[in-house]
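The values are calculated or read from the model by the stated rules, or taken from the named source; none is laboratory data. Being a predicted model, the structure only gives us computed values, none of them experimental. Note that we place each Cβ from the backbone using ideal geometry, even for glycine, and neighbour counts take in every protein chain shown. These accessible areas exclude ligands, DNA and RNA; they are computed on the full protein's heavy atoms, side chains included. Shrake-Rupley method; radii C 1.70, N 1.55, O 1.52, S 1.80 Å.
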Amino acid sequence: GSGKSEFLKVLIESRPAGIDLFLIDPKRVELARFKKEAFMYANMEKDALEMLQFLVADMHKRYELMERRGATNISEIGENRVMCVIEEFANLRLGSVGGAIEDALEMLTNMGRAAGIHMIIATQRPDLKIVSGRIKNNIGTRVCFTVASSIDSTVILEKPGAEKLSGKGDMLFLYPGKDLQRLQSFY
């Protein structure tokens, strides 16, 4: 009842035209309605890993194109932007290929934005075993809905506060260089 799934659905529905949608949905229910719109859709660990490895290879290809053409922006090489949404990251991270998934995500969160590849990673289990520093350090913009404890809030936002939210879309929003904002999300 925090509003996380609805938030993801609205993000997907309101994406700009010309965005290639990649979806990873281990629960198989939250994002399934967008399956036909997706460039790629995965709900099994192995398929999710293959998708992330595809995105890493695509990212390197984009960088090579930008370098060859002297481009400084993805729009200069005529490639679509990519929006990759991972619903319930904990299911992937704790699975048998979790280490390889973390490796691919570390690279994508570190270098993907400049290549036009944008990652949205969601989880109901915000602990350090799931959201490690390797990934979190490269994710500047963060949203936190109501969580069980100040420790969970600190894992996501680097400070407590989300444990005091009321649920139903009540959220904290952190953007690099800005103060933490309390907002009302879609619900």
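Do you know which residues across segment 169-187 are in a loop (DSSP other than H, G, I, E, B), under 13 Å from Phe145 (Cβ atoms) and touching a strand residue (DSSP E or B) at 6+ places or on another chain (Cβ under 6 Å)? Passing the criteria: Gly169, Ser185. Applying the condition of being within 17 Å of Ile24 (Cα to Cα) and of a type in the set (S, T, N, Q) to segment 120-134 and asking which residue is nearest to the chain's Cα centre (by Cα) yields Thr123. Among the residues examined, Glu64 does not qualify as in contact with a Ser or Thr (Cβ under 9 Å, 6 or more places away or on another chain) and part of a helix (DSSP H, G or I).
Which residues, taken from segment 81-115, are assigned to a loop (DSSP other than H, G, I, E, B) and over 17 Å from Leu11 (Cβ atoms)?
Correct list: Leu94, Gly95, Ser96, Val97.
So how many residues does segment 12-32 have that are part of a helix (DSSP H, G or I) and either open to solvent by less than 50 Å² (accessible area, probe 1.4 Å) or at pLDDT below 95 (or both)? Matching residues across segment 12-32 total 2.
I'm trying to understand the selection: among the residues of segment 96-130, which are farther than 30 Å from Ala71 by Cα and among the aliphatic types (A, V, I, L, M)?
Narrowing segment 96-130 to residues farther than 30 Å from Ala71 by Cα: 96-100, 122-130.
Val97, Ala100, Ala122, Leu128, Ile130 - these are the residues of segment 96-130 that are farther than 30 Å from Ala71 by Cα and among the aliphatic types (A, V, I, L, M).
If you scan segment 132-172, which residues turn out to be open to solvent by 50 Å² or more (accessible area, probe 1.4 Å), modelled with pLDDT of 95 or more and closer than 16 Å to Gly3 by Cβ? Correct list: Glu163, Lys164. Working only within segment 149-168, note down all residues that are more than 24 Å from Val10 (Cα to Cα) and part of a loop (DSSP other than H, G, I, E, B). Matches in segment 149-168: Ser149, Glu158, Lys159, Pro160, Gly161.
For (1) open to solvent by 60 Å² or more (accessible area, probe 1.4 Å); (2) under 9 Å from the mean Cα position of the chain (by Cα); (3) at pLDDT below 95, each residue gets a yes or a no:
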residue	(1), (2), (3)
Val85	no, yes, no
Glu88	no, no, yes
Asn91	yes, no, yes
Leu108	no, no, no
His118	yes, yes, no
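With respect to the conditions (1) on the phi > 0 side of the Ramachandran plot; (2) in contact (Cβ under 8 Å) with a residue 40 or more places away in the chain, Met107 falls short on a single one, namely (1). In segment 46-69, of all residues being open to solvent by less than 60 Å² (accessible area, probe 1.4 Å) and of a type outside the set (A, V, I, L, M, F, W, C), the one that is nearest to Gln124 (Cα to Cα) corresponds to Asp58.
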